[in-house]
Amino acid sequence: MALTHLNALTSPVDDRQLRALQIALKDLSPTQIAWVSGYLAGLSGHAVPAAAEPAPVATVSLLYGSQTGNAKAVAERLGERALGQGIEIRVRSMGDFGPRRLIKERLVLFLVSTHGEGEPPDSAQALHAFLHDPRAPRLEQLSYAVMGLGDSSYEHFCRTAVDFDRRLAELGARRILPVQCCDLDYAADSERWSADVLERLAQLAPARPSNVVALPGARPSPPPTVAKDTPYPATLLENRRITTQDAVADVRHLALSIDPSALSYQPGDALGIWFHNDPALADAVLTTLGLDGEAPVRLADAELGLRQALIERLELTQLHPASVRAWAELTKARELTELATDAAALRAYASERQLIDLIADHPARVEAEALAGLLRPLQPRLYSIASSQAECEDEAHLTVAVRRYQAHGRDHLGGASGFLGERVGERDAVRVYVAENESFRLPSDGDTPLILIGAGTGVAPYRAFLQQRAAQGDSGRNWLVFGNRHFHRDFLYQLDWQAQRKAGRLDRVSLAFSRDGAGKRYVQHALREEGRELLRWIEDGAHLYVCGATAMGQAVHQALLDILTTEAGLAPEAAEQSLDALRREARYHRDLYA
Amino acid sequence: MNAPLHENEHIKVRSRYLRGTLSESLADGLTGALGGDDAQISKFHGFYQQDHRDRRQERREQYLEPYFGFMLRARLPGGVCTPAQWLAIDGIGRELTSGTLRLTTRQSFQYHGILKNNLKSVIQGINQVMIDSIGGCGDVNRNVLCNPNPVESKLHREVHDWARRISEHLLPRTRAYHELWLDGEQVGGDAEPIYGESYLPRKFKTAVAVPPHNDVDVFANDLGFVAIAEDGRLLGFNVLAGGGMGATHGDRSTYPRLASELGFIAPEHTLAVTEAVVTTQRDFGDRQDRSHARLKYTIERMGLAAFRAEVERRADLRLAPARPVRFTDQGDRYGWVRGEDGHWHLTLYIESGRLSDGPGRSNMAGLREIARIHQGDFRITPNQNLIVARVPEDRKHAIEALARDHGLLAEGRSPLRRNAIACVALPTCPLAMAEAERYFPDFLDRVEHLAAKHGLADQGIVVRMTGCPNGCARPYLAELALVGKGPGRYNLMLGGDGIGTRLNRLYRENLDETGILAEIDSLFGRFAESRQPGERFGDYLIRDGLVRAVVNPAEDFHD
């Protein structure tokens, strides 16, 4: 709280007042300053006449663009700390921020994640597009800092953050800190960046006494006690297979017992699952490398045996390109060395393999410590929640496809899905936290019609949606568009949908079972067949939801464009704009995953 | 008679001549089942909604509905079809159903496990070879049985033609079947001159027998015609009415009944009498209680004389006294027989009527192979077997070789097994209380073992098994029958005469396998010891007083 750093540009007082204030406060001890701050706060609460128009306040804006809730969580924590330091800060989703307002802003922090092939999260789309428009306004009045969240195993790591950072500079804005790109294990980096930001803000923004009430609507919710790094131990109540034995996919319905006072979620949210790797896989790694499981390794915050580290702390099932590169240097194997020079090939190689494939196919001698060093810290996995707390307050349901496949001459099992599906016993604890998904929420108006498009386990959030709507007595129509392999084997939650229809809450159902007929029919085909009806629903104000694999999301997007061109007679560009408009109006929601 | 009409009566009337809401039900993708009343209406179109009962519980736990599949029964009067038709039947079965075929005790074939989405393709498929499934089930006349007499070729042709004409005369006239399945135009203006808009009170079964063979179990039918021939020429028919097998466990007001003789008619009166019997049942049958709705109860209620008078009035004729007839058997004559026209006929053995291919089984493929080279016709028998009929001398060898290769010959099977029949029961039949077809072969092994033990291996005792008391395998006409009561539990019925003219009677109730085999062991022992030359097992049981003959089932069946 360095008063000396106050300046008129970022505070409501003018230069003359500022100088007077500095003189008055110059010799006060910290205790005296604290007293004065309370005195001034009291004055501001009582003495200032309501009619008096306060001078324009230069508030710091913190804008987050979040898909899975991580960016939002970091933003809220940072906002809370800034407020705690007396910095007037307003934390908002980019989706709730009109892009043109940027012209009026003086100091803005951007926290944004990147998805898929370098795409911004839905809530950041409009702002991203605004900035990158060739006619974007100059922003010379603006100071900014950008932090990105991403996954470095993708080619366009933190691309959205980088885009924001570069473009803002091009538009004349002043960068107050270099862009910070955070990987999956973002905790340390985001913490460091937050500290740097706070320090810079303290220099730039007006500090106000910490007990001043924030502006209405600007107050972030208090930090939850349960968070990614402080997960909640949920108890597994039930693990049942909901596809038949002859189904290709082994899909489980998992019910977790939770304490609603510790963990609350909304339909559309995901549950982050901390998991342990398969001990058998850890042993296979140890055997392959001839390493001793007891060999001590030092991690960022602890020292433990290698085997334990492999099981509990390090990533084994999602191979990172950096690990492959590091391994290439160790083995000097030509195939790997060549791969290391081709980013795309390297990424493709890593995405198709687990660590065991790499080290078994390219053996090398490595020390325990070095092995630990080249592996990424184990990260939780997110699963859409398939239940509503309005229906069962103290449970969270997940729909998990256990990934089990043969590749590179050995059996593979998914990390978290194998953990949940096969290794966690009933009554065992699973460490979880809620990953909010603000861009995948039910509309506040219960009369709004919903079109719920999901393939495979992507149908999970819709079970939550319909439970929620039932509990609220919402009267809006609901249309489920679901696809999977076989009607008789993979119709996930068929009895639930039948019960919802019987109760009058499922007005329309369109199904696509790709392996039942001669030609493969997917949800996008089912949608195209009902183009006219889809347009009618959209005209009636329907919200569109798409959940499932990225490829499916793209196919559905294309189907929607086709429907707009063929059925509504729009030109291709107009169709794109029409979908963009739906997205900006938060009527087109997507939750897609690799 | 002031009780309310049974719900099914309203369903029939509401259905607008069997349309119901079938087209909506078919379009509903959320379920593999039919909605509302349609599961009742579908029966008139020949198919029955079933589900895989073994998997019900498991699927409920998977949040999946039962594994619904449909059983479709074709209309095939007298069981006759051509090789081309057979190849189509076989192909559709493999492509669009559970992959097996089931020959029935009503000389037809059934498909099982047809998914809702495939129903139309199946019906269109058989329609392409001129086969339909109208009235395969439902409250109308069912497939008409006819003795597949391969020897008296000319007489068979004549009698079979009457079976076909009866079947066609009693076909529902509604266009619903064509509209729904064959994309026929909606012409409207439906009328059912024989049935009316509520059809019959219950199913109606018709059979035509050619003595001395009673393979059709003519006495088990609502309406029976017994051909009276002289020198291979058809003189007319003895008309029988009021036979039926179905009964309800624990309900003494229900019982199986043998058809009563009404009298003799000349062939040209066949359709008039048929219509008179059907419309009398239409107007006098019980529409309040479906367990008393069959013609047998109508006749018991009206009295035989009054019923006969009503039929004569409606047919506008007088029935002559019935001609004497003698029956000698109710099973099939396996192997080759030569017809009077010089053609050969091969009766194949098909265990429980099931045709399938799989490990150690290829009888479905075998028939397919035979159909490819056969130029005569096929006749499904009322004992769930199949006759390769009208084979010229020079094809005999090739057909027999195929039949032998694929296990289709009866040779090497015991007389007991050759006469045995079982219904489908679990896992598909919704009515089954106990196993039948799946368990029957093992059960017969054990009975054969007991027969051998008592020196009775040469006895063709008629053994039948059904999974419930409704009687698809006509159990009450067997010398020894097991009628399913619950899982692994059966009622042991004894005392049929082996020619289908005497009902058996409940001997022991609710036995498990051990109990059943102990009883059979003991009875076989006594039979072996005390039988007279040529005496059948069922006859012995009556003569020895072990079982009292059923004389008038309405009064004494449950005694």
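The values are calculated or read from the model by the stated rules, or taken from the named source; none is laboratory data. Since the structure is predicted, the reported quantities are computational estimates derived from the model, not experimental observations. Counting neighbours? That spans all protein chains shown, and the Cβs are built from the backbone with ideal geometry, glycine included.
A few remarks follow.
- A count restricted to region A:139-152 and to residues that are surrounded by fewer than 22 Cβ atoms within 10 Å (Cβ to Cβ) and either at positive phi or of a type outside the set (Asp, Glu) (or both) stands at 4.
- Answer residue from region A:224-247, given it is in contact (Cβ under 8 Å) with a residue 60 or more places away in the chain, out of contact with any Pro (no Cβ under 9 Å at 6 or more places or on another chain) and not in a strand (DSSP E or B) and is farthest from the other protein chains (Cβ to nearest Cβ) among those: A:Pro224
- If you go through region A:526-561 and keep only what is of a type outside the set (A, V, I, L, M, F, W, C) and within 29 Å of the chain's Cα centre (by Cα), you end up with A:Gly541, A:His543, A:Tyr545, A:Gly548, A:Thr550, A:Gly553, A:Gln554, A:His557, A:Gln558.
- Checking each residue in region B:9-24 for being in a helix (DSSP H, G or I) and surrounded by 21 or more Cβ atoms within 10 Å (Cβ to Cβ) picks out B:Lys12, B:Leu22.
- Within region A:491-509, the residues that satisfy the criterion of being within 9 Å of chain B (Cβ to nearest Cβ) and either in contact with a strand residue (DSSP E or B) (Cβ under 7 Å, 6 or more places away or on another chain) or more than 22 Å from A:Asp246 (Cβ to Cβ) (or both) are A:Phe491, A:Leu492, A:Trp497, A:Arg501, A:Leu506, A:Val509.
- Breaking point among (1) of a type in the set (A, V, I, L, M, F, W, C); (2) touching a residue at least 12 places away in the same chain (Cβ under 8 Å); (3) in a helix (DSSP H, G or I); (4) away from chain B (no Cβ under 14 Å), for A:Ala551: (2)
- Summed over region B:292-326, residues that are more than 24 Å from B:Gly500 (Cβ to Cβ) and among the polar types (S, T, N, Q) total 0.
- Where A:Tyr593 falls short, out of the listed (1) crowded, with 18+ Cβ neighbours inside 10 Å; (2) under 26 Å from B:Phe70 (Cα atoms): (2)
- Unmet requirement for A:Ala512, which otherwise passes all of (1) more than 13 Å from chain B (Cβ to nearest Cβ); (2) buried (at least 21 other Cβ atoms within 10 Å of the Cβ); (3) in contact with a strand residue (DSSP E or B) (Cβ under 7 Å, 6 or more places away or on another chain): (1)
- Scanning region A:91-119 for residues that are buried (at least 22 other Cβ atoms within 10 Å of the Cβ), closer than 24 Å to A:Tyr265 by Cα and out of contact with any helix residue (DSSP H, G or I) (no Cβ under 7 Å at 6 or more places or on another chain) gives a single hit, A:His115.
- Any hit, region A:105-120, residues being of a type outside the set (Lys, Arg) and assigned to a helix (DSSP H, G or I): no
- Filter result (part of a loop (DSSP other than H, G, I, E, B) and either among the β-branched types (Val, Ile, Thr) or surrounded by fewer than 16 Cβ atoms within 10 Å (Cβ to Cβ) (or both)) within region B:500-545: B:Thr501, B:Asp512, B:Gln532, B:Pro533, B:Gly534, B:Glu535, B:Asp544, B:Gly545
- Of all residues in region A:560-582, none satisfies being more than 14 Å from chain B (Cβ to nearest Cβ) and closer than 27 Å to A:Asp250 by Cα.
- Failed criterion for B:Lys120 (all others in (1) within 19 Å of B:Ser356 (Cβ to Cβ); (2) touching a Phe, Trp or Tyr at 6+ places or on another chain (Cβ under 6 Å); (3) within 14 Å of chain A (Cβ to nearest Cβ) hold): (1)
- Of the residues making up region A:391-400, one or more are modelled with pLDDT under 95, in contact with a helix residue (DSSP H, G or I) (Cβ under 9 Å, 6 or more places away or on another chain) and closer than 30 Å to A:Gln468 by Cβ.
- Among the residues of region A:157-192, those that are crowded, with 21+ Cβ neighbours inside 10 Å and acidic (Asp, Glu) comprise A:Asp163, A:Asp165.
- Comparison of A:Leu371, A:Leu375 shows that the only residue that is touching a Ser or Thr at 6+ places or on another chain (Cβ under 7 Å) and either crowded, with 21+ Cβ neighbours inside 10 Å or under 21 Å from A:Phe275 (Cβ atoms) (or both) is A:Leu375.
- Any strands (runs of 3 or more DSSP E) falling wholly within region A:252-331 and containing at least 2 residues that are surrounded by 22 or more Cβ atoms within 10 Å (Cβ to Cβ) and in contact (Cβ under 8 Å) with a residue 12 or more places away in the chain: A:270-274
- Region B:32-52, subset surrounded by fewer than 20 Cβ atoms within 10 Å (Cβ to Cβ) and within 14 Å of another protein chain (Cβ to nearest Cβ), residue nearest to B:Tyr111 (Cα to Cα): B:His52
- When residues of region B:53-72 are limited to those that are over 23 Å from B:Ile126 (Cβ atoms) and touching a residue at least 60 places away in the same chain (Cβ under 8 Å), the one nearest to the other protein chains (Cβ to nearest Cβ): B:Arg55
- Inspection of region A:473-481 finds no residue satisfying the criterion of being in a loop (DSSP other than H, G, I, E, B), within 24 Å of B:Asn117 (Cα to Cα) and facing chain B (nearest Cβ under 10 Å).
- Residue within region A:515-535 that is at the interface with another protein chain (Cβ under 10 Å from one of its Cβ atoms) and surrounded by 15 or more Cβ atoms within 10 Å (Cβ to Cβ) present: yes
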